[in-house]
Amino acid sequence: MKHTLALLSVVFVLCASCRRNADPVVAQVYQYKLYSSEVQAGMPSGLSKEDSLVLVRDFIDNWVKEKLVLHEAEHRLSPREKNFDRELTEYRNSLLIQRYLDKIWMTDTANNTVSEQAISDFARSLDDRYTVEKEIVRVNYVKMPTRSDKLPLVKEILFNEDQRVAKKEALVTMLGDSIEYLVDDDEWLYLDDLQNEISFQIDLQKYNGSVMRVEKEVGESTVLLVILDYRSQRSVNETKEERAAAGMLLTNQRRTQYVNQYIQGLYDRALKEGKIVQ
């Protein structure tokens, strides 16, 4: 927006301003106002002034666009279309049920505790079905327009291991919903799927077990790629991530069985006591 940069300076004197005056407004769309404290609350800590300027600008621009659409929705939808009473009641009921089932499951330690031996046995039972012979990689990558003014900052964070870890939350905020990226250190991807996604082949003959960084222009986009790990094949027992996934799968199976039995018990008791009329 035309006045966004002029408003950014307000954010950096927020604390002093709030002590002296009412919370200053940094943007307004129709009747909606964005206050400096709201912008400050949305900023991650530990950023440089330059990084903060980029995130503040994006935060304000996204807020403005959201409020523009909200204004249109409020004025163009009928009262019936804006009535969410039924949906809110159903959502509340769903949350109550989920919270109660979580509570009784978590308090039943005899059933919800999964031993390391049980995980090992379960993971071995999956080996035949889940052994993979395709190449896989653990990566962080960003694909964004080469002309983007964010590209140098994104590269600086992504290609510096300390910043990549420490500023991951800030990086995700900066990238938003319009840029293609993956910054999950624990997720494995098939190499051929990744290569199809980024539209070029990765020469892993150069990979020596340490972190590998790749920057490549593809059409009007630039791909920044950080390869964290590579395997030619593996089974579900090979990595701690896959072992953790097996443990989660086993726990979810046990929870589903437990909840189904609990609900069936409630049903049988209520039916016996005449509390159900069908």
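Readers should treat all values here as calculations from the given coordinates under stated rules, not as data from a laboratory. Please read these numbers as outputs of a predicted model, since none were measured by experiment. When we count neighbours, we look across all protein chains shown, and the Cβ atoms used for this are built from the backbone with ideal geometry, even at glycine.
Relative contact order for the chain: what percent, with Cα pairs under 8 Å and sequence separation of 6 or more?
Computed value for the chain: 20 percent relative contact order.
Please state, as a whole number in µm²/s, the translational diffusion coefficient that the Stokes-Einstein equation yields for the chain at 4 °C and 1.567 mPa s, with Rh defined as the Kirkwood radius across alpha carbon pairs.
Answer from the Stokes-Einstein relation: 54 µm²/s.
Where q = 0.16, 0.34 Å⁻¹, what log10 of I(q)/I(0) comes from the Debye formula for segment 47-90, counting one point per Cα?
So the normalised log intensities work out to -0.62, -1.02.
Gain in length, Arg231 to Glu273, computed as 0.36 nm per residue apart minus the alpha-carbon separation, to one decimal in nm?
9.2 nm
Can you flag which of Lys49/Lys150; Lys33/Lys168; Lys134/Lys216 are past 22 Å Cα-Cα?
Lys33/Lys168; Lys134/Lys216
Give the whole-number value, in cubic angstrom per residue, of the convex hull volume spanned by the C-alpha atoms of segment 145-278.
206 Å³
According to a simple spin-label model (label point 7 Å from Cα along Cα-to-Cβ), what is the distance in nm between Ser37 and Asn111?
For Asn111 paired with Ser37, the spin-label model returns 4.6 nm.
If R₀ is 25 angstrom, what is the calculated FRET efficiency for the pair Gln257 and Arg99, using the beta carbon separation as r and rounding to 0.05?
The formula returns an efficiency of 0.80 here.
Say R0 is 22 Å: what FRET efficiency, to the nearest 0.05, do Arg213 and Asp184 get from their beta-carbon distance?
So the FRET efficiency works out to roughly 0.80.
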